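**Student:** Let me give you the structure first, and then I'll get to my questions.
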Amino acid sequence: MLKKLFGFNPEHTTIRTEIIAGVTTFLTMSYILAVNPAMFSVLEGMPTGAVFTSTALAAIVGCLVMAFWGKLPFGLAPGMGLNAFFVYTVCLGMGYSWQFALTAVLIEGLIFIVLTITNVREAIVMAIPETLRHAIGAGIGLFIAFIGLLFLKMFFERIMK
């Protein structure tokens, strides 16, 4: 049953290993439940509770789709890079409302789905040299770490006041 649902192969792993990996992934990803609402709270009128709930629901749906449809053990959650761009560049930097920016994200998502269905996305990714693809992943990771450290700094500054 586990093999059919998740592609579980007892020759390569154990249930204990998979449970530990799942808990580790959850603990690693759970920071987004605090950082995402905190980041969006700087936007006037953005409901922080709704941001928390939508972040959790998006992660749950993404992980379940990846587990049951993709049969891959990947944790998925809203992208912090896009969220930071949304808040700090589009809304605060360019002065657009968060409602306008959310509409742009919806349109971007629909375009991404079309590119994926038509295999154009894969062609674009394969056109990028492999070393640059690895560098992009490292750069995104450093950017997310920078955002986390920035919020940690802000947190400690508030405590010290």
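**Student:** Which residues, counting only those in the stretch 36-48, are open to solvent by 20 Å² or more (accessible area, probe 1.4 Å) and in a helix (DSSP H, G or I)?
**Tutor:** Within the stretch 36-48, the subset open to solvent by 20 Å² or more (accessible area, probe 1.4 Å) is 38, 41-42, 44-48.
Residues satisfying the conditions are A38, T48.
**Student:** Consider the stretch 55-90. How many of its residues are touching a Ser or Thr at 6+ places or on another chain (Cβ under 7 Å) and at pLDDT 90 or above?
**Tutor:** Within the stretch 55-90, residues that are touching a Ser or Thr at 6+ places or on another chain (Cβ under 7 Å) and at pLDDT 90 or above number 0.
The values are calculated or read from the model by the stated rules, or taken from the named source; none is laboratory data. Fair warning: this is a prediction, and the values are worked out from it, not measured in the lab. Neighbour counts run over all protein chains shown; Cβ positions are idealised from the backbone, glycine included. Surface areas here come from the heavy atoms of the whole protein model, side chains and all, with no ligands, DNA or RNA. Shrake-Rupley method; radii C 1.70, N 1.55, O 1.52, S 1.80 Å.
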